[in-house]
Amino acid sequence: MRLSRYFLPVLKETPAEAQIVSHRLMLRAGMIKQASAGIYSWLPLGFKVLKRIEQIVHEEQERAGHIPMLMPTLQSADLWRESGRYDDYGEEMLRIKDRHDRDMLYGPTNEELITDIFRSYVRSYKDLPLTLYHIQWKFRDERRPRFGVMRGREFYMKDGYNFDLSKDDALHAYNRHLVSYLRSYERMGLQAIPMRADGGPIGGDYTHEFLVLAETGESEVFYDSAVTDLTFGDRDIDYDNVEQCAGVLEEFTSKYARTDETHDETVWADVPEDRQRVARGIEVGQIFYFGTKYSEAMGATVQDADGNQVPVHMGSHGIGVSRLLGAIIEANHDDNGIIWPEGVTPFHCGIVNLKQGDEAADAACEGLYDQLTKAGLEPLYDDRNERAGGKFATMDLIGLPWRITVGPRGLKNGVVELTNRRTGESEELAPEAAVAKVVAIYAGV
RNA sequence: CGGGGCGUGGCGCAGUCUGGUAGCGCACCUGUUUUGGGUACAGGGGGUCGUAGGUUCGAAUCCUGCCGCCCCGACCA
């Protein structure tokens, strides 16, 4: 993309409404615009990152054998009356009437819809196990939305639902989700720690939430420092292997890691003192096993091998896709702006032309743009007739992990400059060598 | 929902207390200049001062209602 043709309304000054760094940077970098309290338009740059995150989630869910679909945002109240949650959910649920005065709602979650789909078609244990998921906009009418996309009213979320014949099978699904979530977060450049959680309004005995450590996190967290040493790396995971998935869960959840909601001082005291850590965290996902709560209430049963009608065991599993943008920025920024992890960056590499109109500089930039594009990458070429300082400031603000700087002075010696946004380290390279290096970096992402 | 605050060109703010017909910085447009980390100068465009009503010769300014947004708390992905 050429910046002169793109739509990137960056702000030099921070709008007064933004308090936390991710919100400020998203506004300044021209990623979002508030439409009303807790509701945002996603401008091109923000939309691009949102889609990258969504894509990672899709890939990892499908790798785990979970099946994508799409359910509507607006739902009929009838199903929610059946489960009992129409009355239980409270003011957070946005209730709407249609022209026929029928009660509708903007879905805050989808257990009722998915259970209705399941019971409409599935009759036999032979159709199990089954895990369906979708990524869709949700709405929770927060009393006080804040922190930009981290606590909006409208938010984009992946929610998945497993249907299994037995509790053991459902727990395998639970473990599978934990593994796929760990993989997803790691690809986004985040370390998200699974922590024992409360069931909340969705309910459930087995539940973990995934927290990203950040000073601005909404929850206080207590953990054994050993958990932050765990990485997922290049593990070869067989999602059908029950023992292997259970082993990962054991490995990642056996050490103490809890939010203030479930914190237990007596257990905490057993953690070696030099490994006790108290910090803040941002919740970016949660997994639940809740057994037959919805299947019994809504008659989602299958016939088992013995001919009995049995309610299916279910779980639901969510990743806050839009919230992740905020979490990633909270964990990856400096005074100059955002620093995108390579896995989610909106553009792979920036190209800064220091002297637009200079024949050699223009030609070199076009060459770089061409080569990077042909290598399957998306460069962002700042071809505006701006001063160098302004171009650098924009690049730093929007946070592309790599930048190639091209100017007449360097070109006289046959070099351009490749700069790492995170470390600030630069090296002078021949243009082809700079391209080769960037291509190699992304080949490993 | 309790408590607090704010609505003035696109953004950040001053002006409100003490009423006299709207100003500054950034951004934007034009020209000159400059060009390796947000050049300098000159000229220019853009605002029913959130909204409705009231008081007054006169309201951004005083009074009342309403709307919107932000912060703290409680609550939550």
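The values are calculated or read from the model by the stated rules, or taken from the named source; none is laboratory data. Predicted model, so just to flag it, every value in this text is computed and none were measured. Here the Cβ is made from the backbone with ideal geometry for all residues, glycine too, and neighbour counts use every protein chain on show. The protein model used for the area step is the full one, side chains on, heavy atoms only, and it has no ligands, DNA or RNA in it. Shrake-Rupley method; radii C 1.70, N 1.55, O 1.52, S 1.80 Å.
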Residue, surrounded by the fewest Cβ atoms within 10 Å (Cβ to Cβ), within region A:1-17, restricted to residues that are touching a residue at least 24 places away in the same chain (Cβ under 8 Å) and within 12 Å of A:Met31 (Cβ to Cβ): A:Phe7
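Restricting to region A:125-152, and then to whatever is of a type in the set (Ser, Thr, Tyr) and open to solvent by less than 30 Å² (accessible area, probe 1.4 Å), can you tell me which residue is farthest from A:Asp240 (Cα to Cα)? Spell out the reasoning first.
Of the residues in region A:125-152, the ones of a type in the set (Ser, Thr, Tyr) are A:125, A:131, A:133.
Going one step further and asking which of them are open to solvent by less than 30 Å² (accessible area, probe 1.4 Å), we end up with A:131, A:133.
On the way: A:Thr131: 13, A:Tyr133: 18 Å.
Here the answer is A:Tyr133.
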Region A:1-60: number of residues that are within 20 Å of A:Leu400 (Cα to Cα), of a type in the set (Phe, Trp, Tyr) and either within 11 Å of RNA strand B (Cβ to nearest atom) or under 16 Å from the mean Cα position of the chain (by Cα) (or both): 2
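Does A:Gly160 satisfy the criteria of being of a type in the set (Gly, Ala, Ser) and at pLDDT below 95? Spell out the reasoning first.
Working: of a type in the set (Gly, Ala, Ser): yes; at pLDDT below 95: no.
Considered against the rule, which asks whether it is of a type in the set (Gly, Ala, Ser) and at pLDDT below 95, A:Gly160 comes out as no.
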Residue in region A:83-97 that is crowded, with 20+ Cβ neighbours inside 10 Å, assigned by TED's automatic domain parsing to the domain that holds A:Leu324 and closer than 20 Å to A:Met314 by Cα present: yes
Given (1) touching a residue at least 60 places away in the same chain (Cβ under 8 Å); (2) within 13 Å of RNA strand B (Cβ to nearest atom); (3) assigned to a loop (DSSP other than H, G, I, E, B), number of the condition A:Leu377 does not satisfy: (2)
Search result, residues across region A:40-68 that are exposed (fewer than 14 other Cβ atoms within 10 Å of the Cβ) and of a type in the set (A, V, I, L, M, F, W, C): A:Ile67
Scope region A:154-164; condition more than 6 Å from RNA strand B (Cβ to nearest atom) and under 28 Å from A:Glu215 (Cβ atoms); matching residues: A:Glu154, A:Tyr156, A:Met157, A:Lys158
Selection within region A:153-189 - open to solvent by less than 10 Å² (accessible area, probe 1.4 Å) and closer than 15 Å to A:Ala327 by Cβ: A:Lys158, A:Tyr181, A:Ser184, A:Tyr185, A:Met188
Those strands (runs of 3 or more DSSP E) lying entirely in region A:1-115 with at least 1 residues touching a strand residue (DSSP E or B) at 6+ places or on another chain (Cβ under 8 Å) and under 26 Å from A:Asp383 (Cβ atoms): A:32-36, A:39-42
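Tally the residues that are more than 7 Å from RNA strand B (Cβ to nearest atom) and either modelled with pLDDT under 95 or closer than 23 Å to A:Gly90 by Cα (or both), restricting the search to region A:134-149. Explain how you work it out, then say what you get.
Residues of region A:134-149 that are more than 7 Å from RNA strand B (Cβ to nearest atom), as a first pass: A:134-139, A:141, A:148-149.
Those left that are additionally either modelled with pLDDT under 95 or closer than 23 Å to A:Gly90 by Cα (or both): A:136-139, A:141, A:148-149.
Within region A:134-149, residues that are more than 7 Å from RNA strand B (Cβ to nearest atom) and either modelled with pLDDT under 95 or closer than 23 Å to A:Gly90 by Cα (or both) number 7.
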Some residue of region A:364-376 being crowded, with 24+ Cβ neighbours inside 10 Å, assigned by TED's automatic domain parsing to the domain that holds A:Ala173 and at pLDDT 95 or above: no
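Among the residues of region A:392-445, write down those that are in a helix (DSSP H, G or I), open to solvent by 30 Å² or more (accessible area, probe 1.4 Å) and within 11 Å of RNA strand B (Cβ to nearest atom). Reasoning before the result, please.
Of region A:392-445, the ones in a helix (DSSP H, G or I) are A:392-398, A:408-412, A:431-443.
From what's left, open to solvent by 30 Å² or more (accessible area, probe 1.4 Å): A:392-393, A:396, A:408-409, A:411-412, A:432-433, A:436-437, A:439-441, A:443.
Within region A:392-445, A:Phe392, A:Ala393, A:Asp396, A:Pro408, A:Arg409, A:Leu411, A:Lys412 qualify.
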